[in-house]
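The structure under discussion appears below in the form of structure tokens.
The values are calculated or read from the model by the stated rules, or taken from the named source; none is laboratory data. Fair warning: this is a prediction, and the values are worked out from it, not measured in the lab. All Cβ positions, even for glycine, are placed from backbone atoms using ideal geometry, and neighbour counts span all protein chains on display.
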Amino acid sequence: MDTQQSETFVAVRKNSEGDIIELKTSEGRVLDYKQAQQEVTNGVIMGANVFKGRDGEPHLRSNADGNPDNNLDNLPQF
């Protein structure tokens, strides 16, 4: 796989409760949370995964790499 062409998440938009509602990709695309989940599942966006939370719903998270700076919650807001 050519990692040069793989999109990643670079910024997030949060609602008033601090929940991520939109994500911006390295290509400048803005995706809502559900679109972002679908693109991660389809392998379009790297560096994140979809998991089933305790609430039974799918959630996005960055892949664990020991670097807290690239956790989705820690990305810059746009």
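Here are a few things to note about the model shown:
- If the condition is being touching a residue at least 12 places away in the same chain (Cβ under 8 Å), of a type outside the set (Val, Ile, Thr) and touching a helix residue (DSSP H, G or I) at 6+ places or on another chain (Cβ under 7 Å), then the stretch 48-78 contributes ALA48, ASN49, PRO58, LEU60, ARG61, SER62.
- If you go through the stretch 43-67 and keep only what is among the basic types (Lys, Arg) and within 21 Å of SER6 (Cα to Cα), you end up with just ARG61.
- In the stretch 24-78, the qualifying residues are those that are over 13 Å from VAL12 (Cα atoms) and among the hydrophobic types (A, V, I, L, M, F, W, C), and the one that is modelled with the lowest pLDDT is ALA64.
- Of the residues making up the stretch 23-38, those that are in contact (Cβ under 8 Å) with a residue 12 or more places away in the chain and charged (D, E, K, R) are LYS24, GLU27, ARG29.
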